[in-house]
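First up is the structure itself, then whatever we jot down about it.
The values are calculated or read from the model by the stated rules, or taken from the named source; none is laboratory data. Note that the structure is predicted; figures quoted are calculated from it, not measured. Neighbour counts are summed over all protein chains in view; Cβ atoms, including those assigned to glycine, are modelled from backbone coordinates with ideal geometry.
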């Protein structure tokens, strides 16, 4: 049986539902691994670098969206509810976008960063 994998999503910050549009990206903030290649041309192992956990995408800028509140958001819980029933959750998150809006489709690009993210099933 096929299940929906993509499509409708929901984004909330401190319980407030935002009008998400388009495609969102996210990262749980787990270390990124990079191969260490020796002069013999073989992989000798890997190194790790930290990454920031984030959720990023666009919201529709309607009359109810308070841009000043959005761009100064900090110490928030931000969730991205995916079409496949997973939830990506950021705790102690802050708004990390530039706050720019666009008039053609009335959208605001938003990015939330956090120390760590969690995948809830």
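Below, the figures for the structure above:
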item: Qualifying residues in region 60-80 (those that are over 15 Å from residue 93 (Cβ atoms) and either touching a strand residue (DSSP E or B) at 6+ places or on another chain (Cβ under 8 Å) or in contact (Cβ under 8 Å) with a residue 12 or more places away in the chain (or both)) - the one surrounded by the fewest Cβ atoms within 10 Å (Cβ to Cβ); result: 62
item: Hey, residue 29 in contact (Cβ under 8 Å) with a residue 60 or more places away in the chain and in a loop (DSSP other than H, G, I, E, B) or not; result: yes
item: Test result for residue 106, at positive phi and either in contact with a strand residue (DSSP E or B) (Cβ under 9 Å, 6 or more places away or on another chain) or in contact (Cβ under 8 Å) with a residue 40 or more places away in the chain (or both); result: yes
item: Which listed residue, of 22, 99, 45, 6, is surrounded by fewer than 16 Cβ atoms within 10 Å (Cβ to Cβ), assigned to a strand (DSSP E or B) and modelled with pLDDT under 95; result: 22
item: Single residue of 38, 6, 50 found to be within 19 Å of the chain's Cα centre (by Cα) and over 28 Å from residue 85 (Cβ atoms); result: 50
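To keep it simple, each residue is scored yes or no on (1) part of a loop (DSSP other than H, G, I, E, B); (2) more than 25 Å from residue 49 (Cβ to Cβ).
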position	(1), (2)
64	yes, yes
69	no, yes
73	yes, yes
78	no, no
92	no, no
111	no, no
